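Chemist: If you scroll down you'll find the structure; I have some questions about it.
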Amino acid sequence: MKKRRKQGKDRSVIDDVIGNFAGKPFRIVVIILTMAAILFPIYWLVTSSFKIKADYLSNPPILFPKRFTLDSYKEIFSKDGLLRNFTNSLVVAAVSTVISLVFGSMAAYATARGRFHKKIRAAFGIWFMVQKMYPAIATAIPIYLVMRNLHLIDTLSALIIMNTSFNIPLVIWLMMGFFEQVPIEMEESAEIDGCTFIQKFFKVVFPVTKPGLVAAGILAFVGAWNEFLFAVILTINKSKTLPVIISGFITDKGLSWGPMAATSVITLVPVLIIVWLAQKQFVQGLAMGAVKG
């Protein structure tokens, strides 16, 4: 108890020193610059989608356009297939996220609660993290050959399999820390009350780790939603996702900046809505994960 008070006191002293050194005006300037760096690309994307052709091709660029048009949105919605491509992205991201959360959380629980030495659990965590870090392009050709032999080229199943395989290691690595924070006494009490392993896992452990599941789910969904490499390699026409459609605006005649920006805005909206709806639990889950172990 005394040690905790001492650590808290030391932290407050450090915060006071940093605050006195930097000062409130400096912190405000840093916050403003950081927010500008984050929001300016979004502002530029949205305004570019409403600019007329002369404005988004002008040099120097027009930061504050005075003329707006819906021509870019009319152009992309007039083309056949945009709704199908949007649906493809949604199905691939949603299904791969659900599968990754279910099986990834089970694997994470087995690793965290299994009879492993602490060093072995740490080695598992590093291994799962490495699985997420290695360059996907290194496996592109073998994966294409496997999918071709399985007759899965240009199917949603191929994209779901690939996104799931890349998201499961991330979910396992994140959820291991959350499961380690669940008091073992809660699980023992559930067992005494007659809960089976499945009941204990879904009715006791799952609700406690809900913020972690939300954080892992959002990260997995965004990763699958934005995935481009395998989407462009494994699709031909009917299974194309939105990132592939966006890259299609790069042609030999130049870049169609307006339609590309409009499609990018449409791609951005679902992710913003999901994060906005789950922001409280998402931030709570990231905060819990920051102090794991």
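The values are calculated or read from the model by the stated rules, or taken from the named source; none is laboratory data. No experiment lies behind these values; they were computed from the predicted model shown. Here the Cβ is made from the backbone with ideal geometry for all residues, glycine too, and neighbour counts use every protein chain on show. With ligands, DNA and RNA removed, areas are computed over all heavy atoms of the protein, side chains included. Shrake-Rupley method; radii C 1.70, N 1.55, O 1.52, S 1.80 Å.
Chemist: Say the dipole of the chain comes from +1 at the beta carbon of Lys and Arg and -1 at that of Asp and Glu; which of Trp127, Met147, Phe221 then lies farthest toward its positive end?
Modeler: So the residue we want is Trp127.
Chemist: Sticking with this structure for a sec: Taking the mean number of other Cβ atoms within 10 Å as a proxy for protection, how do you rank 162-175, 185-198, 206-219 from highest to lowest?
Modeler: 162-175, 206-219, 185-198
Chemist: Oh, and also: Could you sort out which of Lys79/Lys238; Lys53/Lys253; Lys118/Lys280 sit more than 23 Å apart by Cα distance in this structure?
Modeler: Correct reply: Lys118/Lys280.
Chemist: What is the dipole size for region 33-116, taken about its Cα centre, with +1 at each Lys and Arg Cβ and -1 at each Asp and Glu Cβ, in debye to the nearest 20?
Modeler: Values: 9 positive and 4 negative charges, 32 e Å.
Magnitude of the dipole: close to 160 debye.
Chemist: Shape of region 157-268 from its Cα gyration tensor (a ≥ b ≥ c, root eigenvalues): rounded if a/c is under 1.5, otherwise prolate when a/b > b/c, or oblate?
Modeler: prolate
Chemist: Using alpha-carbon pairs under 8 Å, 6+ residues apart, how would you state the relative contact order of the chain in percent?
Modeler: Rounded, it is 28 percent for the chain.
Chemist: Continuing with the same structure: Have a look at Phe206, Leu234, Cys195 and report the one farthest towards the positive end of the charge dipole of region 75-292, computed about the Cα centre with Cβ charges (Lys/Arg +1, Asp/Glu -1).
Modeler: Selected residue: Leu234.
Chemist: With the other protein chains left in place, how much accessible area per residue, in square angstrom, belongs to region 16-69 at a 1.4 angstrom probe?
Modeler: Numbers: 4260 Å² over 54 residues.
Solvent-accessible surface per residue comes out at 79 Å².
Chemist: Carbon and sulfur atoms: what percent of the 1.4 Å accessible area of region 16-69 do they account for?
Modeler: 76
Chemist: With the other protein chains left in place, how much accessible area per residue, in square angstrom, belongs to region 75-292 at a 1.4 angstrom probe?
Modeler: 54
Chemist: Under a Cβ-only charge scheme (Lys and Arg +1, Asp and Glu -1), can you give me the dipole magnitude of the chain about the Cα centre, in debye to the nearest 20?
Modeler: Computed charge dipole of the chain: roughly 800 debye.
Chemist: Moving to a separate point now. Too long at a 32 Å Cα-Cα cut-off: which of Lys119/Lys200; Lys24/Lys119; Lys74/Lys210?
Modeler: Distance filter (> 32 Å) returns Lys24/Lys119; Lys74/Lys210.
Chemist: Calculated from DSSP H runs of 4 or more alone, at -39500 (n - 2.57) each and per residue, what is the 222 nm mean residue ellipticity of the chain, nearest 500?
Modeler: The helix-only estimate for the chain comes to -24500 deg cm²/dmol at 222 nm.
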